Amino acid sequence: MSAHRTATRRDFLRYSAAAPAIMAAGRAIGANDRIAVGVIGLGGRGSYLLDMVLHRVAGKSDVEVVALCDPYQARLNKAAAKVPGAKTYARHQELLQHPGLNAVTIATPDHWHAPIALAALDRGLEVYCEKPMTHTLEEARVVRDRVREKNRIMQVGVQALSWERWRKIREVVQAGTLGKVVAVQGTYSRNNQQGDWNWKIDPGAGPDGAGDLRIDWKQWLGNAPERPFDPDRFFRFRKYWDYSGGIATDLHYHIVAPFHLALENEHPARIAGMGGLWIYNDGREVPDTFLTAADYPGKYSLTVQSSQVNEIGPTMMIRGTHATMHLGDEWEGPQGRSVNVARIVPETPFRRDFRTQWGKDEIVLEGVGNEGDQKHMDNFFDCVRTRQKPNCDADMGYKVMTAIDLSVRSYRENKIFLFDPQAERIANR
């Protein structure tokens, strides 16, 4: 681990310890009140979150967007055109002071997730935060604890957890149809020869840009290492460790979290990460091919293997002693992998018993497809009103971060990490 990253984590923990002194400002929501929302981060994903909030506005009118925030003026102006009445801010610190605010969405680079979430929670606000929950495992625990302390609603943006797919899969597991689950595997793979995450760079944009091209670079960096403005780092932040965990935080989070739901996973006990930068040669730091592997106290193993230069990853499976559940890929990947049907196939020693019980040689489970993202956003707003636990709450987000962040550290430090799920600490730091 780099000396800088260690220092940054300590700085964060010092900040988080002092943060509760901030005066809470969130207002109570009456039965007929609209939930006043501030949208923080208006790049590609943040703009999509804004559209989902506006979809809720159009459908139920129980939500209103009152504030928008982004350090890049062009993005801020584009979003403001969709919500003419919303107040605009270049700094989230100012947005969080907006009068009457109830909730925020966060879609910034990973290194800002925890600081913004903590500041919002200490203002008494509800939080919808894109995955990964945080940049580091230590941050995730602090955020989880703060959510509990402040009794706030936090939803982490893993949309699949609001689909029927994974609840149906969990029912199969809990019914014992598969026997004892011993392993799960999955992938989130692509093949982009132009370089995945090489998003468009706006010419002339930067701290010296005028008008729409103005970027508040210092604000964007936050507690990341100081450096001169670099358009590649700003527009393509997922390629750099200072702001992202690469494939693990961007893609693997979407696979690990649903397996946690299906198996009711706790923290993993042993975690490893492997891979490399095998093809891309564009100055990026994160690998283009990556494996997350983890063993869980419930006596099963997880592997998620992905690549950005080959789309044929391992097929999604839950493997049990009596039967294996074959799952269609739910995100990107090759054509022909159905996302709407899952197959439960008995293991050879149990074929006769399986046919006796079910009257067939395999079970086809339908209606387990991709239902889009809107249900997850709606679940968040519903829970803000009912105070029920959201589908990807802070506790789930924290447990998933254990596998995600420690696989990144394993890769970077060339070691396997051991985690004590009871004490919630790394056992071999």
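Scanning segment 300-307 turns up no residue that is farther than 14 Å from residue 183 by Cα and either out of contact with any Ser or Thr (no Cβ under 9 Å at 6 or more places or on another chain) or among the basic types (Lys, Arg) (or both). Listed by first and then second residue, the pairs with beta-carbon distance under 9 Å, at least 6 apart or on different chains, first residue in segment 61-89 and at pLDDT below 95, second hydrophobic (A, V, I, L, M, F, W, C), are 85/65; 85/66. Between 179, 209, 204, 195, which is touching a Phe, Trp or Tyr at 6+ places or on another chain (Cβ under 6 Å) and part of a loop (DSSP other than H, G, I, E, B)? Only one candidate qualifies: 195. Looking for something among the acidic types (Asp, Glu), in contact (Cβ under 8 Å) with a residue 60 or more places away in the chain and farther than 23 Å from residue 313 by Cα - is there at least one such residue anywhere in segment 377-384? Yes, the conditions are met somewhere in segment 377-384. For segment 218-235, state whether one or more residues are assigned to a helix (DSSP H, G or I) and touching an Asp or Glu at 6+ places or on another chain (Cβ under 6 Å). For segment 218-235, residues assigned to a helix (DSSP H, G or I) and touching an Asp or Glu at 6+ places or on another chain (Cβ under 6 Å): absent. Evaluate segment 95-104: report whether one residue or more is more than 18 Å from the chain's Cα centre (by Cα) and without any contact (Cβ under 8 Å) to a residue 12 or more places away in the chain. The answer is yes, given that some residue of segment 95-104 is more than 18 Å from the chain's Cα centre (by Cα) and without any contact (Cβ under 8 Å) to a residue 12 or more places away in the chain. Within the option set 108, 134, being of a type in the set (S, T, N, Q) and in contact with a Gly (Cβ under 6 Å, 6 or more places away or on another chain) holds for one residue only, 108. Of all residues in segment 176-232, which are of a type in the set (D, E, K, R) and closer than 23 Å to residue 292 by Cα? Within segment 176-232, 180, 190, 196 meet the criteria.
Filtered by the rule that a residue be part of a helix (DSSP H, G or I) and crowded, with 18+ Cβ neighbours inside 10 Å, segment 349-374 gives a lone residue, 354. The number of residues in segment 48-62 being over 20 Å from residue 371 (Cβ atoms) and surrounded by 18 or more Cβ atoms within 10 Å (Cβ to Cβ) comes to 1.
Report yes if residue 140 is among the small types (Gly, Ala, Ser), within 23 Å of the chain's Cα centre (by Cα), part of a helix (DSSP H, G or I) and closer than 30 Å to residue 341 by Cα, otherwise no. No, not satisfied. Which condition number in (1) free of Cβ contacts under 8 Å to residues at least 40 places away in the same chain; (2) touching a strand residue (DSSP E or B) at 6+ places or on another chain (Cβ under 7 Å); (3) of a type outside the set (A, V, I, L, M); (4) over 23 Å from residue 113 (Cβ atoms) is the one that residue 301 fails? (1) is the only condition that residue 301 fails.
Out of the residues in segment 283-322 that are of a type in the set (Val, Ile, Thr) and in a loop (DSSP other than H, G, I, E, B), state the one that is surrounded by the most Cβ atoms within 10 Å (Cβ to Cβ). Residue satisfying both the conditions and the ranking: 286.
Which one is farthest from residue 280 (Cα to Cα), of the residues in segment 145-176 that are of a type in the set (Gly, Ala, Ser) and not in a loop (DSSP other than H, G, I, E, B)?
So the first thing to find is which residues in segment 145-176 are of a type in the set (Gly, Ala, Ser), and the list is 157, 160, 162, 175-176.
Those left that are additionally not in a loop (DSSP other than H, G, I, E, B): 157, 160, 162.
Details: 157: 28, 160: 29, 162: 34 Å.
For segment 145-176, the residue satisfying everything is 162.
Every listed requirement among (1) surrounded by 18 or more Cβ atoms within 10 Å (Cβ to Cβ); (2) free of Cβ contacts under 8 Å to residues at least 60 places away in the same chain; (3) more than 24 Å from the chain's Cα centre (by Cα) is met by residue 345 save one, (1).
Scan segment 34-60 for residues that are in a loop (DSSP other than H, G, I, E, B) and either in contact (Cβ under 8 Å) with a residue 40 or more places away in the chain or of a type in the set (Val, Ile, Thr) (or both) and jot them down. I'd like the intermediate steps shown before the answer.
Initially, segment 34-60 is screened for residues in a loop (DSSP other than H, G, I, E, B), giving 34, 41-43.
Hits for segment 34-60 are 41, 42, 43.
Taking segment 259-277 as the range and being in contact (Cβ under 8 Å) with a residue 24 or more places away in the chain, small (Gly, Ala, Ser) and not in a loop (DSSP other than H, G, I, E, B) as the test, the residues that pass are 262, 272, 273, 275.
Could you tell me whether any residue of segment 382-400 is over 23 Å from residue 121 (Cα atoms) and either crowded, with 17+ Cβ neighbours inside 10 Å or touching a helix residue (DSSP H, G or I) at 6+ places or on another chain (Cβ under 8 Å) (or both)? Looking through segment 382-400, none of the residues is over 23 Å from residue 121 (Cα atoms) and either crowded, with 17+ Cβ neighbours inside 10 Å or touching a helix residue (DSSP H, G or I) at 6+ places or on another chain (Cβ under 8 Å) (or both).
Every listed requirement among (1) touching a residue at least 60 places away in the same chain (Cβ under 8 Å); (2) under 24 Å from residue 159 (Cβ atoms); (3) not polar (S, T, N, Q); (4) not in a strand (DSSP E or B) is met by residue 280 save one, (2). When segment 193-243 is limited to residues that are loosely packed, with under 14 Cβ neighbours inside 10 Å and of a type in the set (A, V, I, L, M), the one that is farthest from residue 43 (Cα to Cα) turns out to be 210.
Name, by its number, the condition in (1) among the hydrophobic types (A, V, I, L, M, F, W, C); (2) over 22 Å from residue 407 (Cα atoms); (3) out of contact with any Pro (no Cβ under 6 Å at 6 or more places or on another chain) that does not hold for residue 182. Unmet for residue 182, out of (1) among the hydrophobic types (A, V, I, L, M, F, W, C); (2) over 22 Å from residue 407 (Cα atoms); (3) out of contact with any Pro (no Cβ under 6 Å at 6 or more places or on another chain): (2). Look at (1) of a type outside the set (Phe, Trp, Tyr); (2) crowded, with 21+ Cβ neighbours inside 10 Å; (3) modelled with pLDDT of 95 or more and you find that residue 333 fails only one, number (3).
The values are calculated or read from the model by the stated rules, or taken from the named source; none is laboratory data. This one's a predicted model, so the numbers in the text were calculated from it and none came from an experiment. As a convention, Cβ positions derive from the backbone with ideal geometry for all residues, glycine included, and neighbour counts pool all protein chains shown.
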